[in-house]
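Enquirer: To start, I am sharing the structure in question, which I have written as structure tokens.
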Amino acid sequence: MVPFCTPLSGFAKVTYMYGIIKAGNADAVSLTTWIISVATNMSRLFTVYVDSADVKLMINFLVSTLLSTGVLVTALLYQYQLLPKFQCGKLSRKYHKHDD
């Protein structure tokens, strides 16, 4: 079995992270969904390892796990405002130092 879903799924997750960063907002992102995605991919990775140790499938699920984790961490950072928000390629005024 060849993992055909990796490029498309990976591109979608990278695009999702980019969208969150560009918007500077992850309020519409369901953290529960991405926690489930990470857990599912980790369980698939473990299952493949125990069942067949198929390297291609393991790489597929490892990459998927890492990218899902990336989306989850990005969403967490923006939902809890741990990163500065960018607007049109510049930091928002909230994060600029003023010499008033």
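Enquirer: Residues with beta-carbon under 15 Å from that of residue 45, excluding residue 45: net charge, scoring Lys, Arg +1 and Asp, Glu -1?
Expert: Working: positive: 44, 56; negative: 51, 54.
Value of the local net charge: 0.
Enquirer: First measure r as the distance between the Cβ atoms of residue 50 and residue 21, then evaluate 1/(1 + (r/R0)^6) with R0 = 41 Å and state the FRET efficiency to the nearest 0.05. Walk me through the intermediate numbers first.
Expert: Working: r = 36 Å, r/R0 = 0.88.
FRET efficiency, residue 50 to residue 21: 0.70.
Enquirer: Quick one: what are the phi-derived ³J(HN,Hα) couplings along segment 6-19, Karplus 6.51/-1.76/1.60 with θ = phi - 60°, whole Hz, x for glycine and proline?
Expert: The phi angles translate into 4, x, 5, 5, x, 4, 5, 5, 5, 4, 4, 4, 4, x Hz.
Enquirer: Another one. Per-residue HN-Hα couplings for segment 55-69, Karplus 6.51 cos²θ - 1.76 cosθ + 1.60 at θ = phi - 60°, whole Hz, x for Gly and Pro?
Expert: 4, 4, 5, 5, 5, 4, 6, 5, 4, 4, 4, 5, 5, 5, 4
Laboratory data are not the source of any read-out in this text; all were calculated from the coordinates shown. This structure is a prediction, so every number in the text was calculated from the model and none was measured. Glycine gets a Cβ as well: all are built from the backbone with ideal geometry, and neighbour counts include every protein chain shown.
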